[in-house]
1. Name every residue in the stretch 196-205 that is open to solvent by 30 Å² or more (accessible area, probe 1.4 Å) and either assigned to a helix (DSSP H, G or I) or touching a residue at least 12 places away in the same chain (Cβ under 8 Å) (or both), in order of residue number.
2. Test of understanding: among Glu114, Glu69, which residue is farther than 30 Å from Leu205 by Cα and open to solvent by 40 Å² or more (accessible area, probe 1.4 Å)?
3. Given the conditions (1) surrounded by fewer than 19 Cβ atoms within 10 Å (Cβ to Cβ); (2) modelled with pLDDT of 95 or more, report the number of the one that Thr193 does not fulfil.
4. Any idea which of Leu208, Leu212 is part of a helix (DSSP H, G or I), away from the ligand (no atom under 14 Å from the Cβ) and in contact with a Phe, Trp or Tyr (Cβ under 7 Å, 6 or more places away or on another chain)?
5. Condition (residue is surrounded by fewer than 18 Cβ atoms within 10 Å (Cβ to Cβ), at pLDDT 95 or above, in a helix (DSSP H, G or I) and more than 16 Å from the ligand (Cβ to nearest atom)) applied to the stretch 174-188: is it met by at least one residue?
6. Asp16 - would you say it is touching a Ser or Thr at 6+ places or on another chain (Cβ under 8 Å), surrounded by fewer than 17 Cβ atoms within 10 Å (Cβ to Cβ) and within 30 Å of Leu212 (Cβ to Cβ)?
Amino acid sequence: MPEGDTVYRSARSLDDALHGATLTHCDIRVPAFATVDLTGQTVHEVISRGKHLVAHVGETSIHSHLKMEGTWHLYRHGTKWQRPAFQARIVLETADWVAVGFELGTLELFPTPEDEQHLGYLGPDLLGPNWDAAEAVRRLRAAADSAAGDSTAEDTAAGDRPVAVALGDQRNLAGLGNVYVNELCFLRGLLPTRPIAEVTDVAGLVALAHRLITANRDRSERTTTGNLRRGARTFVYGRERQPCRRCGTSIRSGRLGRSELEQRVTYWCPRCQT
Ligand SMILES: [Zn+2]
């Protein structure tokens with residue numbers, strides 16, 4: 001899964017190349033939208049919202065999510081693609097560029113006025129122009145508070161949610177993937193399984209999330225340690241059985257969550273995180 005910083009950079013590259021240009025060719029290769037042709041329309045902008053990418057073309061929004069294998073590439077005309085053509089889901093051409101979306105997990109088109117209808121559920125965007133830390137804290141706390149008052153079974157489950165699940169839930173704040181989630185838990189000394197309701201300094205957690213992802217926004221090598229050297233860029237993520245950088249204890253890994261994180265691997269130091 002890509003992190004928000006990767007999607008942010010993709011959107012910025014696409015926007016630099018395409019905005020203001022007219023589409024000279026448009027080929028959408030997913031059945032539901034295969035008949036849509038935006039040739040002749042102007043690309044107004046390409047933006048990211050959390051881990052989602054939106055291109056505003058004419059009156060239409062092209063919404064994509066990279067999911068596991070997806071990526072957008074930009075090519076000059078006549079250049080060989082770096083992925084097989086059968087993986088292409090959409091091809092947008094201007095006089096200068098060919099933009100290709102490969103293996104996009106989500107690709108849908110809708111009228112631009114419907115943006116909020118499709119994306120309004122997302123929490124504050126960590127890398128967005130209107131980042132709202134207080135609102136992100138409020139949303140994370142709302143899940144926690146609902147555990148205190150014993151109303152419905154569903155609410156109780158929300159407060160019991162592991163902090164790693166709550167941080168990765170794009171409805172609370174948008175942009176964190178599994179790398180940041182694991183690293184944030186380490187940096188705040190929290191086990192990924194710790195219920196969100198037990199986290200006392202949610203504001204500190206949110207502030208650190210914003211600082212970390214912002215620090216990585218403009219570089220292609222992501223680091224949460226401050227060290228850009230290969231193999232030194234994370235504290236716990238991808239470091240199973242290696243020594244903790246702080247205390248030397250062997251880093252553990254496991255799969256967390258009953259549903260949302262079942263497919264996600266978590267990493268933690270059993271000594272530094274409680
Ligand atoms: Zn440790």
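The values are calculated or read from the model by the stated rules, or taken from the named source; none is laboratory data. All figures in this text were calculated on a predicted structure; none of them were measured in a lab. Because the Cβ atoms are built from the backbone with ideal geometry, glycine has one as well, and the counts that use them run over all protein chains shown. Accessible surface is based on the protein model in full, side chains and every heavy atom, while ligands, DNA and RNA are left aside. Shrake-Rupley method; radii C 1.70, N 1.55, O 1.52, S 1.80 Å.
1. Ala197, Glu198, Asp201, Ala203
2. Within the list Glu114, Glu69, the selection yields Glu114.
3. The failed condition is (2).
4. Step by step, each of Leu208, Leu212 is checked, and only Leu212 is part of a helix (DSSP H, G or I), away from the ligand (no atom under 14 Å from the Cβ) and in contact with a Phe, Trp or Tyr (Cβ under 7 Å, 6 or more places away or on another chain).
5. No, there is no match, as no residue in the stretch 174-188 is surrounded by fewer than 18 Cβ atoms within 10 Å (Cβ to Cβ), at pLDDT 95 or above, in a helix (DSSP H, G or I) and more than 16 Å from the ligand (Cβ to nearest atom).
6. Answer is no for this residue.
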